[in-house]
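Values in this text are rule-based calculations from the coordinates and carry no lab data. Here the structure is a predicted model, which is why all the values come from computation and not from measurement. For neighbour counting, all protein chains shown are included, and Cβ atoms are generated from backbone atoms with ideal geometry for every residue, glycine included.
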Amino acid sequence: MSEGTVEFYLAGTSTPLTVYSDYGLTSSLGTTVSLNSAGYPVSGGGSVVSVYTGTSAYKIIVKDSRPSNAEGGPKAVMDTMEDAVRDLLKFEFFFPGRDDFERELRGELALMAPVGAGPLTLDSARALLDGSDLYVANLVLRPFVDAYLVVADRLAAAGDSAVNEADVLDEALRVGQQWELERRIASAESVSLELYKTALRLAAHRDLLAGDDAVGMDDASSTDRAAGKAGEPGPNGEHPAYQGVSLKARRAAFLAELQGVATQLDEIARIEATRRSTRGVR
């Protein structure tokens, strides 16, 4: 990223963590490293450097320093798909706050727009993406979405019945392996016990494990199921996306939501394949 910055924090916290320019971890670069116009990390004096982390687990945030010219873009561009994907994957990635995330996304689109292009609309945003030379969402997000799809399928198959975490994970592994053989999922990366566990955590947060009747869930999952983020549950404790319907219907809605995201990733992959074919690139 040209002329941006990279911030380093202790994983899972907002505590800044120092990085270094040497293997021996003796020359500190501080907790924020600047990037030059070519996207390489540089020292305070402007010299290109290597970046070495310490032995702790790090959270890394990359920021673009260029100003956005799209502050007036309509929320319709971001409100639905952006919020949905952010909410689906919030247990996998470190996202900024909702308003900051929306502003950063709008800014990224603005950087792609020609000068004087006017406010963003859904059509103009799609046109900007259609003209882009780099598509990575279908590659980066696909393993997560496919793994979540397998878990959502198993929950939907359970109807209104309470589920046991171990049973769901066992079924998900077997179904995931079968779907890979049938090419219903993109790769073996999606057949992952860790991804299935995180998908179950999201399902618990959305009250899809039969509420207090669910068995076999750990303490963290129980906390997610009971509250999640403050203010998010509906009037009866259910996730706002699925209020006022049966457990079976909410599980079906969860599956349908993931199928919709998978369809969008398929479309991105199709656009990229078409563009690569047009450029004669395999």
Ranking Asp87, Asp123 by Cβ neighbours within 10 Å, fewest first, what do you get?
Asp123, Asp87
When Leu25, Leu128 are ranked with the fewest other C-beta atoms within 10 Å first, the list becomes Leu25, Leu128
Report the label-to-label distance for Glu104 and Ala273 in nanometres (one decimal), using points 7 Å from each Cα along the Cα→Cβ vector.
3.1
By counting other Cβ atoms within 10 Å of each Cβ, how are Val48, Val42, Val261 ranked from fewest to most?
Val48, Val42, Val261
